[in-house]
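Quick notes on the structure that follows.
The values are calculated or read from the model by the stated rules, or taken from the named source; none is laboratory data. Computed from a predicted structure; not experimentally measured. In this analysis, Cβ positions are derived from the backbone assuming ideal geometry, glycine residues included, and neighbour counts consider all displayed protein chains.
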């Protein structure tokens with residue numbers, strides 16, 4: 001091979017090498033661009049996955065929230081249905097009770113009046129002292145029978161009027177202080193209340209007027225006092241406190257005992273019809289009080305009929321207090337002024 005041929009061959013080789021270098025540089029650049037593109041794509045995909053994952057989590061959270069709300073709604077509706085059924089059962093039961101009680105109470109009332117009218121009348125000096133005292137006690141007990149039957153008939157008539165939705169005509173403006181004083185006097189016939197319970201009774205000086213059926217207010221008071229006495233039946237140092245008072249818009253009375261108290265769980269149930277922590281009357285209790293689960297329900301219903309409310313304040317082992325609020329009677333409480 002001549003010199004010219006060798007030179008030509010070298011030029012050709014150089015040209016090929018240069019071309020290969022250019023190709024290699026281009027390939028390297030393309031590879032770097034491809035890597036950058038793949039990296040950007042990866043980052044975009046990663047970001048997209050994060051966004052979709054976040055959206056999915058939010059969707060799951062929303063679904064859980066709605067599901068929880070639906071469960072709460074279902075539970076609330078179920079409770080409402082149960083409550084409605086209990087109210088219906090209570091209404092039917094109360095109608096049967098009042099129907100069956102009215103006749104014998106009317107007979108008792110009539111018999112007490114006959115006793116009063118036919119009882120021989122003697123001057124004090126015509127009878128020995130013991131007989132005169134006995135006759136005096138007979139008069140007092142006849143009066144208590146008459147008062148008791150009258151109140152029972154008022155309560156029964158009130159329940160019957162309720163079933164006919166016609167109580168407005170019988171509503172009166174009542175002074176809570178006066179009514180409770182009479183009820184306490186009436187309770188003096190109860191040996192447990194009179195002899196076995198220490199009493200702390202305090203009335204606010206002002207008159208406390210409320211628009212209500214007197215018989216229903218009496219029933220609320222009697223039921224709550226009876227519950228307190230039942231709660232303390234095993235206590236040697238039983239004590240009941242009865243107070244009255246008023247706030248800016250309401251008048252109230254409270255009944256407090258030093259019994260075992262009411263658990264927080266039961267405080268939300270005690271106004272439900274047929275719920276009771278006492279054993280039922282058909283069970284042996286060895287003298288312990290029994291309950292039907294209707295007393296507090298009736299109290300709550302009756303208070304609610306006059307836009308009243310019952311507040312329970314209790315801790316286990318520290319007794320219980322029931323505070324009953326009613327709106328002030330607009331006609332007669334205008335003079336009540338808060339200190």
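Tabulated data for the structure shown
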read-out	value
Matching residues in segment 297-335 - criterion: being surrounded by fewer than 19 Cβ atoms within 10 Å (Cβ to Cβ) and modelled with pLDDT under 75	331, 332, 334, 335
Tabulated pairs, segment 107-118, first free of Cβ contacts under 8 Å to residues at least 60 places away in the same chain, second surrounded by 11 or more Cβ atoms within 10 Å (Cβ to Cβ) and part of a helix (DSSP H, G or I), C-beta under 6 angstrom, 6+ apart or interchain	108/149; 109/149; 112/142; 112/145; 112/146; 115/142; 116/142
Matching option when the condition is crowded, with 19+ Cβ neighbours inside 10 Å, within 27 Å of residue 173 (Cα to Cα), touching a residue at least 24 places away in the same chain (Cβ under 8 Å) and within 21 Å of the chain's Cα centre (by Cα), among 217, 213, 208, 294	217
Segment 286-317: number of residues that are within 23 Å of residue 233 (Cβ to Cβ), touching a helix residue (DSSP H, G or I) at 6+ places or on another chain (Cβ under 6 Å) and not in a strand (DSSP E or B)	3
